[in-house]
Amino acid sequence: MQRVIIHVDMDYFYAAIEEREDPSIRDKAVVVCMYSNRGEEGGAVSTCNYAARRAGIRAAMPCRQARSLKPDAVFLPVRKGFYEEVSKNLMAILHSYADSEEAFERTSIDEAFLDITRSCNSDFDIAREIGMRIKEEVKAQEKLTCSVGIGPNKLIAKMASSFRKPDGITIVRTEEVQDFLRPMPVGKLWGIGKVTEDKLAQMGIMTVADLEEHDIMELVRVFGKNKGTWLRHAASGIDETPVRERSASDQIGRMASLKHDTHDEQIVFSLLTELADDVMNRAQARKVGFRSVTVTVIFSNFKTSTKSRTLSHPVSDRQALHDTAREMMGQFLGETTMNFRRIGVMVGNLSEKTGQKSLFDFAE
């Protein structure tokens with residue numbers, strides 16, 4: 001059967017919840033901030049509503065700068081625990097529409113994938129009806145709006161959900177994938193980060209169509225076999241990854257604060273090595289291998305950023321973990337001069353220990 005995947009993405013989630021809780025601010029610019037220990041003069045924007053975005057306010061922007069752009073905006077502190085409770089209610093609604101318990105994947109506090117292939121019998125018209133029912137139930141039960149993308153795989157569904165934000169629904173049938181993807185700037189392709197986008201631009205690749213038509217041998221030469229192949233597949237709308245619920249048991253991670261905010265390479269790599277060793281020791285104690293490595297950085301302005309690599313098959317090699325984590329951290333250090341506050345290492349997609357080494361596929 002032709003797979004049919006739904007991606008649900010809540011609209012400006014934190015700010016929307018605050019509007020729901022206090023209707024008097026609904027017509028105003030609302031900015032939710034992660035304040036630092038310096039009070040309301042410090043910290044960064046976590047999210048904001050569309051009125052604030054029209055004023056030029058963006059996530060990760062320093063709160064002080066946001067205030068200068070829109071002094072009359074409503075500035076509120078993040079209430080993460082409360083938002084998590086709302087998310088639990090939403091995810092219960094979404095989960096009920098998936099084909100099975102296993103056909104659901106929560107990817108963040110406000111996003112999830114659902115495999116509805118059997119529910120809609122691979123019929124995209126029926127899938128649209130299911131998507132509309134989801135939107136209606138979310139609005140009725142939680143008084144919030146969401147945007148829905150429906151496609152033949154996770155890649156297309158994810159990109160479709162952002163196509164008509166806010167409160168939109170976009171269906172991309174299998175035969176429509178190329179027309180949907182090809183005109184897009186290559187940076188819009190889910191999984192391509194700024195570093196890769198810049199490198200592709202240097203190669204004259206500006207659109208998804210350019211990427212799909214580019215010589216695959218050159219992509220492999222520049223990016224390596226797995227990443228180059230992934231780029232070509234993504235540009236063609238090919239994505240075979242399953243929708244699968246992730247749990248804490250699928251991951252082993254460790255995160256820690258640096259002694260002080262810093263961009264010093266030696267200090268950062270020293271802590272990274274310590275964290276990777278601890279994660280590796282825990283993986284060995286559980287006698288598991290891993291297929292993914294994720295490095296997380298929380299910057300001094302509280303912005304969080306992650307990079308991940310997905311291995312071609314499970315490994316349990318300490319040096320492979322160190323090398324992969326150091327590569328990603330090196331990219332972070334090269335991309336910004338901002339100081340780091342906390343860093344983390346996590347391995348995922350755990351399985352019975354194999355002892356094999358592996359090359360890695362790409363997931364940025």
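The values are calculated or read from the model by the stated rules, or taken from the named source; none is laboratory data. Predicted, not measured: the structure shown is a model, and the values here were computed from it. So basically every Cβ, Gly included, is an ideal-geometry build from the backbone, and we count neighbours across all protein chains shown. In case anyone asks, the SASA skips ligands and DNA or RNA and just uses the protein heavy atoms, side chains included. Shrake-Rupley method; radii C 1.70, N 1.55, O 1.52, S 1.80 Å.
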Counting only residues 5 or more places away or on other chains, whose amide H sits under 5 Å from the amide H of Glu245 once H atoms are built in the peptide plane?
Phe104
With the chain treated as a Gaussian network of Cα nodes joined by springs under 10 Å, which of Pro23, Pro183, Pro242 yields the largest mean-square fluctuation?
Pro23
Identify which of Ser308, Ser24, Ser162 has the largest mean-square fluctuation in a Gaussian network model of the chain, with springs joining Cα atoms closer than 10 Å.
Ser24
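Would you work out what percent of the accessible area of the range 1-73, with all protein chains in place, is carbon or sulfur (probe 1.4 Å)? Provide the component values of the computation, followed by the final result.
Values: 1590 of 3440 Å².
Roughly 46 percent of what the probe reaches on the range 1-73 is carbon or sulfur.
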Just how far, in whole angstrom, is the range 46-88 from the range 191-240 if you go by their alpha carbon centroids?
34
Using Cα pairs closer than 8 Å and at least 6 residues apart in sequence, work out the relative contact order for the chain, in percent.
15
Long-range HN-HN contacts of Thr107 with modeled amide H, under 5 Å
Ala112, Phe113
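Would you please put 326-334, 260-268 in order of how densely packed they are, using the mean number of other Cβ atoms within 10 angstrom per residue and starting with the highest? List each step's numbers first, then the result.
Working: 326-334: 16.8, 260-268: 13.7.
Order by mean packing, descending: 326-334, 260-268.
In Å², what does the accessible area per residue of the chain work out to with a 1.4 Å probe?
Details: 17310 Å² over 364 residues.
Result: 48 Å² per residue.
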Taking K and R as +1 and D and E as -1, what net charge do the other residues with C-beta under 13 Å from the C-beta of Leu219 add up to?
0
Would you grab the residues whose amide H sits under 5 Å from the one on Val4? Only those 5+ places off in sequence or on another chain, please, with H modelled 1.01 Å from N.
Ile116, Thr117
Among (1) 152; (2) 294; (3) 125, only one was calculated for this model; which label is it, if the read-out is volume of the Cα convex hull per residue in Å³?
(1)
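On the accessible surface of the range 85-209, probed at 1.4 Å, how many percent belong to carbon and sulfur atoms? Walk me through the numbers before you get to the answer.
Numbers: 2720 of 5580 Å².
Summing carbon and sulfur atoms, their accessible area is 49 percent of the total for the range 85-209.
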Estimated 222 nm signal from helices in the chain, with DSSP H stretches of n ≥ 4 weighted -39500 (n - 2.57), rounded to 500:
-12000 deg cm²/dmol
